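Asker: First, the structure itself, so that you have it in front of you.
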Amino acid sequence: MELAELLNKKHDEARQGEAFKAIGTPLLDGKKFYIESYGCAMNFSDSEVVASILQENDFSATPDFEAADLILINTCSIREKAEQTIRKRLTEFRKIKRTRPGMLIGVLGCMAERLKAQLLEQEKLVDLVIGPDAYRSLPALIKEASGGQKGVNVLLSRDETYGDIAPVRLNSNGITAFVSITRGCNNMCSFCVVPFTRGRERSRSANSIIEEIKSLVTEGYKEITLLGQNVDSYHWVNETGNETVTFANLLEQAALVSPDLRVRFSTSHPKDITDDVLYTMAKYENICKCIHLPVQSGNTRVLQLMNRTYSREWYLAKVDRIREILPNCGLTSDMIAGFCTETEEEHQDTLTLMDYCCFDMSYMYFYSERPGTLAARRFKDDISLEDKKRRLQEIVDKQGELSTKSNLNDIGKTFKILIETRSKRNANDWTGRTSQNKITVFPKSNENQQPGDYVWVKIHDCTRATLLGTIVDHP
Ligand code: SAM
Ligand code: SF4
């Protein structure tokens, strides 16, 4: 893989198009479904809720779409390219349907609301269209669609959190799992389609989150990632109104479930991450020291146009605060190149901000106008594709330098690693992560070791994306 491609890869994008494979779930003789997921970690987590609803309704999973009675594709609208990829895939599925007339094809998630008419009526690509808040209606809509009607529900909800549904883990390594804590987003970043496709922000009940974490621990999971578009704005008040749980409180409750469980979270909006959260992270060894803090741009005027509600200086001060309270904390970010009216000097501001912050890793994109967003309505998408791509490449190159620098800086240090899987390249090597979320590869040191074990690894080498080391005794 090219470096640019590697660095421009979203960690969950490594899973793009991943099919459903429920570990430990035997295939039954009834109807079979196949599900493929695209986009952010939230979508992958939603597919686990959908799988649970379908299994409750006597559907069983198949990893083979040609054998499925129902093909579902959980979609992403964040950039135009994501939508194009999904359309191509739907056309492929349509071809299979011609040979299996009873088969149903459904679109779930973010593209549902935006493109329902087009997908159902004009292009006749699908039989079912279901928005992210309507998954409970899936069994009823499948019945309708089996009778020849089109099954559609794209209503967004103010209170649906699927809190009571125990997700069926998909393609799980049995060690790490996502736990969704909020849905939707109340921020109105001008470039972003999420508030329109996923609706208003809702926090799931703290009790149901902690119960889900406890059952994951019982099943042997060793790491959970609390998920939301903006986890720091988590706010839950219990039914009687006498208990309020903030994100810092929730993080603490999650950490207390088991000292052997690692807790991560994503994503943090710079305006919302509080000192309370940073101090809670400092207090508990098992809360991983890594913050994903998307900046989007290093220039205050552009940030204002993006409606991010912070300035360059404010963001830098937040980074200083993180470094002060959590000196060994990993820091990662998201960047958008070539937003409307961005000048060359303003683009340079992004590069200098990256230098200051020394991000360990970033997800980097060029701006893609999304219909209906504030930016699409208010600003002209006036940076040429050529300039957008060049600026993105400069950002990617800068991140390459910073990732190398950050990894070189770890040589000679010893980290506690949670073993996740065998290395794809060498079956005698393990792959795991540091608390800072850096992928680390190291040889097995004895036959009793297994995924889920913690080991101490001394780093002796690195690539831009990986640390290489050897298991050592507890320092
Ligand atoms: N809620 C998270 C936050 O605010 O940081 C991010 C959610 S979004 C799914 C992930 C990333 O996609 C954003 O941080 C942004 O960098 C990128 N993104 C969103 N809309 C975009 C657009 N229209 N064009 C290019 N990148 C976009
Ligand atoms: Fe989109 Fe901004 Fe919400 Fe993130 S915080 S999902 S970028 S609107």
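Please treat every number below as a calculation from the coordinates, not as lab data. Here the structure is a predicted model, which is why all the values come from computation and not from measurement. Neighbour counts are summed over all protein chains in view; Cβ atoms, including those assigned to glycine, are modelled from backbone coordinates with ideal geometry.
Asker: What does the charge dipole of the chain about its Cα centre add up to, to the nearest 20 debye, if the Cβ of each Lys and Arg holds +1 and the Cβ of each Asp and Glu holds -1?
Answerer: It comes to approximately 860 debye.
Asker: Positive end of the charge dipole of the chain (Lys, Arg +1 and Asp, Glu -1 on Cβ, about the Cα centre): tell me which of Ser37, Ala117, Thr350 has its Cα farthest that way.
Answerer: Value computed over the given set: Ala117.
Asker: I need the shape label for the range 354-461. Rule: rounded when a/c is under 1.5, else prolate if a/b > b/c, else oblate, with a, b, c from the alpha carbon gyration tensor.
Answerer: prolate
Asker: Could I have the simple spin-label model distance between Leu408 and Trp456, label points 7 Å from Cα toward Cβ, reported in nm to one decimal?
Answerer: With each label point 7 Å from Cα toward Cβ, the separation is 2.8 nm.
Asker: A follow-up question, please. Which lysines, on any chain, are close to Lys388 with Cα under 27 Å apart, when same-chain ones fewer than 8 places away are left out?
Answerer: Output for Lys388: Lys9, Lys10, Lys81, Lys88, Lys271, Lys380, Lys398, Lys405.
Asker: Note down the net charge around Ile419, summing +1 for each Lys or Arg and -1 for each Asp or Glu among other residues with Cβ under 10 Å from its Cβ.
Answerer: Cβ neighbours under 10 Å give a net charge of +2.
Asker: Search the structure for amide H atoms under 5 Å from the amide H of Ser423, placed 1.01 Å from N in the peptide plane, and list their residues when 5 or more places away or on another chain.
Answerer: Amide H to amide H, under 5 Å and 5 or more residues apart or across chains, Ser423 pairs with Asp429, Trp430, Thr431.
Asker: Mind giving me the FRET efficiency for Asp272 and Ala67? R0 is 45 Å, r the Cβ-Cβ distance, nearest 0.05 is fine.
Answerer: Computed FRET efficiency for Asp272 and Ala67: 0.50.
Asker: Something else: Sort the following peptides by mean Cβ neighbour count (other Cβ atoms within 10 Å, averaged over residues), highest first: 148-155, 329-336.
Answerer: Final packing ranking: 329-336, 148-155.
Asker: Of all the Cα-Cα pairs you can form in the chain, what percent are over 29 Å apart?
Answerer: 51
Asker: If the label point is 7 Å along Cα→Cβ of Asn57, which residues in the range 167-204 have backbone nitrogen under 17 Å from it?
Answerer: 167-168
Asker: Would you work out if the range 337-405 is rounded, prolate or oblate? Take a ≥ b ≥ c from the square roots of the eigenvalues of the alpha-carbon gyration tensor; rounded if a/c is under 1.5, else prolate when a/b is larger than b/c, oblate otherwise.
Answerer: Because a/c hits 1.5 or more and a/b exceeds b/c, the range 337-405 counts as prolate.
Asker: So what J values fall out for the range 79-91 if you push phi through Karplus, 6.51 cos²θ - 1.76 cosθ + 1.60 with θ = phi - 60°, rounded to Hz, Gly and Pro as x?
Answerer: Couplings: 9, 4, 4, 4, 5, 4, 4, 5, 4, 4, 5, 4, 5 Hz.
Asker: Sticking with this one: Which of the cysteines found in the chain have nothing to pair with, since no other Cys Cβ lies under 4.7 Å from theirs?
Answerer: For the chain, the answer is Cys40, Cys76, Cys110, Cys185, Cys288, Cys290, Cys329, Cys340, Cys357, Cys358, Cys462, because their Cβ atoms have no other cysteine Cβ under 4.7 Å.
Asker: Take the alpha-carbon centre of the range 83-102, take the same for the range 339-378, and report the distance between them in whole Å.
Answerer: If we compute the Cα centre of each part, the gap is 35 Å.
Asker: Report the FRET efficiency, 1/(1 + (r/R0)^6), for Glu211 and Glu344, where r is their Cβ-Cβ distance and R0 is 51 Å, rounded to 0.05.
Answerer: After rounding, the FRET efficiency stands at 0.45.
Asker: Sticking with this structure for a sec: Along the charge dipole of the range 186-344, pointing to its positive end and built from +1/-1 on Cβ of Lys, Arg, Asp and Glu, which listed residue (Trp236, Ala317, Gly338) has its Cα farthest out?
Answerer: Going by the charge dipole, the pick is Gly338.
Asker: Quick check: residue separation of Gln304 and Asn173 times 0.36 nm, minus the Cα distance between them. What number comes out in nm?
Answerer: Answer, rounded to one decimal: 43.0 nm.
Asker: Enumerate the calculated ³J(HN,Hα) couplings along the range 251-266 in order (Karplus 6.51 cos²θ - 1.76 cosθ + 1.60, θ = phi - 60°), each rounded to whole Hz, writing x wherever the residue is Gly or Pro.
Answerer: Here the 3J(HN,Hα) series is 4, 5, 4, 5, 5, 7, 4, 7, x, 8, 9, 7, 10, 10, 8, 6 Hz.
Asker: Within 10 Å of each candidate Cβ there may be at most 14 other Cβ atoms; applying that plus a DSSP loop requirement, which trypsin sites (Lys or Arg not before Pro) in the range 175-271 survive?
Answerer: Sites meeting the loop and neighbour criteria: Arg200.
Asker: How many angstrom lie between the C-alpha centres of the range 426-475 and the range 201-221?
Answerer: If we compute the Cα centre of each part, the gap is 28 Å.
Asker: Nothing charged except the Cβ atoms of Lys and Arg (+1) and of Asp and Glu (-1): what's the magnitude of the dipole of the range 52-186 about its Cα centre? Round to the nearest 20 debye.
Answerer: For the range 52-186, the charge dipole is close to 520 debye.
Asker: Could you sort 428-434, 385-391 so that the peptide with the highest average Cβ count within 10 Å comes first and the rest follow in order?
Answerer: 428-434, 385-391
Asker: So, one more: So for the chain: antiparallel DSSP bridges make up what percent, rounded to the nearest 5?
Answerer: About 40 percent, rounded to the nearest 5.
Asker: For the range 228-366, I need the span (max minus min coordinate) of the C-alpha atoms along each principal axis, in Å, sorted largest to smallest.
Answerer: For the range 228-366, the Cα spread along each principal axis is 51, 34, 23 Å.
Asker: Provide the net charge surrounding His460, with neighbours chosen by a C-beta distance below 15 Å and charges set as Lys +1, Arg +1, Asp -1, Glu -1.
Answerer: Net charge around His460: 0.
Asker: Moving to a separate point now. Roughly speaking, what is the stretch gain from Ser146 to Lys81, that is 0.36 nm per residue apart minus the C-alpha to C-alpha distance, in nm to one decimal?
Answerer: Extending this stretch completely gives an extra 20.3 nm.
Asker: Something else now. Within the P(r) computed for the range 242-308, what percentage of the Cα pairs occupies the region above 21 Å?
Answerer: Roughly 35 percent, rounded to a whole number.
Asker: What are the aspartates and glutamates whose alpha-carbon lies under 17 Å from the alpha-carbon of Lys444, with same-chain residues fewer than 8 places away excluded?
Answerer: Hits, sequence-local ones excluded: Glu420, Asp429, Asp453, Asp461, Asp473.
Asker: Taking the mean number of other Cβ atoms within 10 Å as a proxy for protection, how do you rank 355-361, 229-235, 87-93, 128-134 from highest to lowest?
Answerer: Those peptides, ordered most packed to least, come out 128-134, 229-235, 355-361, 87-93.
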